[in-house]
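The values are calculated or read from the model by the stated rules, or taken from the named source; none is laboratory data. Since the model is a prediction, treat every value here as computed from it, not as a measurement. For neighbour counting, all protein chains shown are included, and Cβ atoms are generated from backbone atoms with ideal geometry for every residue, glycine included. What goes into the accessible areas is simple: the full protein's heavy atoms, side chains included, and nothing from ligands, DNA or RNA. Shrake-Rupley method; radii C 1.70, N 1.55, O 1.52, S 1.80 Å.
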Amino acid sequence: LHLFNSLVVSLSSAAINTTMAVYAGYSFAKYRYFGRKPVMLLMLSAQMFPFGLLLITIYPQLTSWGLLDTRAGLVLSYVVFALPVATYMLYSYFSQVPNELIEAARADGASDLRIFHTIVLPVSLPPIITVFLYSFMWSWNDLLYSLTLIVSEDKRTVAPGLLLTYLNESNADWGGAMAASLMAALPVMVGFILLQRYFIQGVTAGAVK
């Protein structure tokens with residue numbers, strides 16, 4: 001059950017975060033409008049604070065929205081934390097996409113959405129997959145947010161599930177904890193092995209011209 005909850009939460013948060021970061025990063029990189037730089041700097045300034053401090057502001061907000069102790073609330077908290085970094089990563093890549101390529105498609109009569117979906121996205125798979133893996137791994141490995149925002153046993157994810165099941169004040173089942181930890185690490189290991197080629201390309205994208 002804990003593995004299923006982690007898969008649902010991690011895949012959902014990674015998909016939402018990646019989708020939002022793709023559009024936001026492209027907007028910041030290729031469009032010029034009032035307030036573009038201040039908004040981007042405001043997003044990045046959130047990374048100046050420890051994620052524990054962000055939790056202090058997220059907790060009462062989720063309570064007021066009725067999302068405390070829900071998977072949706074946990075997904076939202078992960079998106080809030082990971083979105084600035086994901087947006088900046090994709091902004092850095094989209095800034096390297098030649099404007100001549102976009103202008104040529106625009107001269108042929110293609111709309112901005114069509115240019116983005118049929119020309120820019122296909123050549124941007126490595127950084128997009130990198131952002132998805134980053135978001136997924138952060139959500140999967142998180143303990144503080146999931147332990148604080150989720151209190152129901154049937155909604156717990158892997159990290160707090162392992163901690164509360166095998167390690168407590170009265171006893172510690174280290175053998176069971178190690179076996180369960182190995183099982184919990186498998187999805188991330190398999191995903192990285194399958195997508196490592198894209199991950200490495202995405203990390204180094206924009207490093208050289």
**Item:** In the range 21-128, the trypsin sites (Lys or Arg not before Pro) that fall in loop regions by DSSP, at most 14 other Cβ within 10 Å
**Value:** Arg32
**Asked** From the Cα gyration tensor of the range 1-70, with a ≥ b ≥ c the square roots of its eigenvalues, which class applies: rounded if a/c is under 1.5, or else prolate if a/b is larger than b/c, or else oblate?
**Response** oblate
**Per residue solvent-accessible surface (Å²) - the chain, probe of 1.4 Å** = 55
**Prompt:** Can you work out ³J(HN,Hα) from phi for every residue in the range 178-183, in order, using Karplus 6.51 cos²θ - 1.76 cosθ + 1.60 and θ = phi - 60°, giving whole Hz and x for Gly and Pro?
**Reply:** 5, 5, 5, 5, 4, 5
**Asked** Helix 36-45 versus the longest principal axis of the chain: what angle, 0 to 90°, nearest 10, using Cα atoms?
**Response** 20
**Distance (nanometres) between label positions extended 7 Å along Cα→Cβ at Glu153 and Tyr59** = 2.4
**Request:** Could you work out how far apart the two model spin labels at Ser45 and Thr118 are, taking each label as a point 7 Å from the Cα in the direction of the beta carbon, and quote it in nm?
**Result:** 4.1
**Asked** Top mean-square fluctuation among Phe34, Phe94, Phe49, Gaussian network model of the chain, C-alpha springs under 10 Å?
**Response** Phe34
**Message:** With equal scatterers on the alpha carbons only and no solvent term, can you work out the Debye log10 of I(q)/I(0) for the chain at 0.08, 0.13 1/Å?
**Reply:** -0.34, -0.81
**Prompt:** Using a 1.4 Å probe on the protein chains only, how many percent of the accessible area of the chain belongs to carbon and sulfur?
**Reply:** 70
**Cα Rg over Rh - the range 99-154, Kirkwood** = 1.34
**Request:** For Leu143 and Ala185, calculate 0.36 nm times their separation in residues minus their Cα-Cα distance, and state this gained length in nm to one decimal.
**Result:** 13.7 nm
